[in-house]
Amino acid sequence: MLDGAPPSSTRSPFDAIIVAGGQGLRAGQPMPKQFAIWRGKPVLAHSLSAFGESGAARIIVVVPDPADEMAQAIAQPFPMAALVKGGESRRESVLAGLEALESCPTGRVLIHDAARPGLRPAVIQRLLEALDGETGAIPVLPVVDSIAVARDGLMAGTARREELRRVQTPQAFRFGEILAAHRAWDITREAGDDAQVAQAAGHEVRLVEGDEALRKLTFAEDFSVTVPSVRIGTGFDVHRLGAGEELWLGGIRIDHSSGLVGHSDADVALHALTDAILGAVGAGDIGQHFSPVDPRWRGAASDQFLTHARQLAKTAGYRVGNVDITIICEAPKIGPHREAMVERIAQILEISPSQVSVKATTTERLGFTGRDEGIAAQAVATMLSGDA
C-alpha cells in the first residue's frame, strides 16, 4: 500500500477514468507521452498504480487504439482496468470513458489525465471525502505570482491572484450527474475540463487541496533525468606494509619502520577517498582512471588521484559536502597526525577542514591489520549539487 493510502475497510467505492488519448508531440518523445518512460516506468502506469492501490473498483483507460500492444502491456498487470477507444477531443474521450462505466458504476468517478503521473493517495482521499456533500470536487493550488492580462504582447490589466487557482486532475464527480452533464454539453464548444462541464449543467464544484507533484508532463525537459541534490559514495582500500618503503597516509609522510607497498605511493586513505568521490558521481573507480600497470603512475603521489576525482565531480555538477575516513591499523598511531591529515585533505579538495573527518581504529590484533601486515581504510563522501 502506498504511504497515506487509507485502510481498505474505510475506502469509499469509486471508479476512475484515465484519459490517455493524446499524442504529446511537444514532449519530444519517440512515442505518445503517456507510453514514454518517466521515473522508471511508463507514464500511464503511474496513474494505474495510484488508482489501483487506492482501491478503484474499475479503471477505464481511454487510448487512441485499444488494440495497441504497448497500451495492452501497460494495463495488463491491473485486472480492474479496461481499454476504451477515445474520441477526437478530450471531452469526447471522457464521454467514451463514462459510457463504458454506465453498466455498473459505483456512483463516484475520478477523471484523470495520464500526463499527470505524480498522483498520491492523499489527493484521491480528499476528493472522495468532498463528494460526501457535493456533486463535484477538483484539486487546486494557489497562484503565488502576480498575474498580468496580456493583449497584443502588452500588459492590458491585472487579475487578483487571491481569487485564482491552478486546476489539476483527477476531478471527482457523482457518476450520474457528470454523465448527464457531458451528454448535455453544447458540442459546438470545447470544454477546458470536466469541472467546466459540470458547472455548465448547474452543479457546484468543491475545491480541495491539490499537490505540486501533480504537475503536467508537457515538454521534453519534463522527461529529463533530475539530478539529485545530494549523492553519497563509499570507498575501501588495502595495501600491505613492507620494509624500506615510505609511509604515506592521508596525504602526509609519516616516519615509521615500514611503509605501504603499491604501484603509486600506496596511500590507502586517499585511495579510499578517491573511490568514494568517484562512486558518488558515478565515475567508476580509481583503477579505471589510474591503471596499476601504467608506468606513468609508478610511485605517483596519490593527491593527483584525489584531485582528478574532485575535478570530475565538479564537471558533473557536484562539490564536496563532507568526507569521513577511517584508517584501520595497529601502528602507527594516527592521533598525532590527524590534524595534519585533515589539513592536507582539505587543501587537496579545496574545502574547509571542518568538512573533513579522519578517524582510526584497530582490529584488536585480529586479521592482517592486527598482525601489522598491512593498513586498510574506508571512506564516505557526500557530494552536493551546485544548487544544494
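Against the numbered list (1) part of a loop (DSSP other than H, G, I, E, B); (2) in contact with a helix residue (DSSP H, G or I) (Cβ under 7 Å, 6 or more places away or on another chain), residue 188 comes up short only at (2).
Of the set (1) more than 24 Å from residue 106 (Cβ to Cβ); (2) assigned to a strand (DSSP E or B); (3) of a type in the set (D, E, K, R), all apply to residue 206 but (1).
Summed over region 352-388, residues that are more than 29 Å from residue 281 (Cα to Cα) and within 32 Å of the chain's Cα centre (by Cα) total 0.
Hey, among the residues in region 267-292 that are closer than 12 Å to residue 237 by Cα and at pLDDT below 95, which one's surrounded by the most Cβ atoms within 10 Å (Cβ to Cβ)? The residue in question is 286.
With the condition kept exactly as written, say whether any residue in region 297-311 is among the basic types (Lys, Arg) and loosely packed, with under 13 Cβ neighbours inside 10 Å. Yes. Set side by side, the residues 245, 209 differ, and just one is farther than 26 Å from residue 33 by Cα and within 33 Å of the chain's Cα centre (by Cα), which is 209.
The values are calculated or read from the model by the stated rules, or taken from the named source; none is laboratory data. Owing to the predicted nature of the structure, the values given are computational and were not obtained by experimental measurement. Quick reminder, even Gly has a Cβ in these numbers, built from the backbone with ideal geometry, and neighbours come from all protein chains shown.
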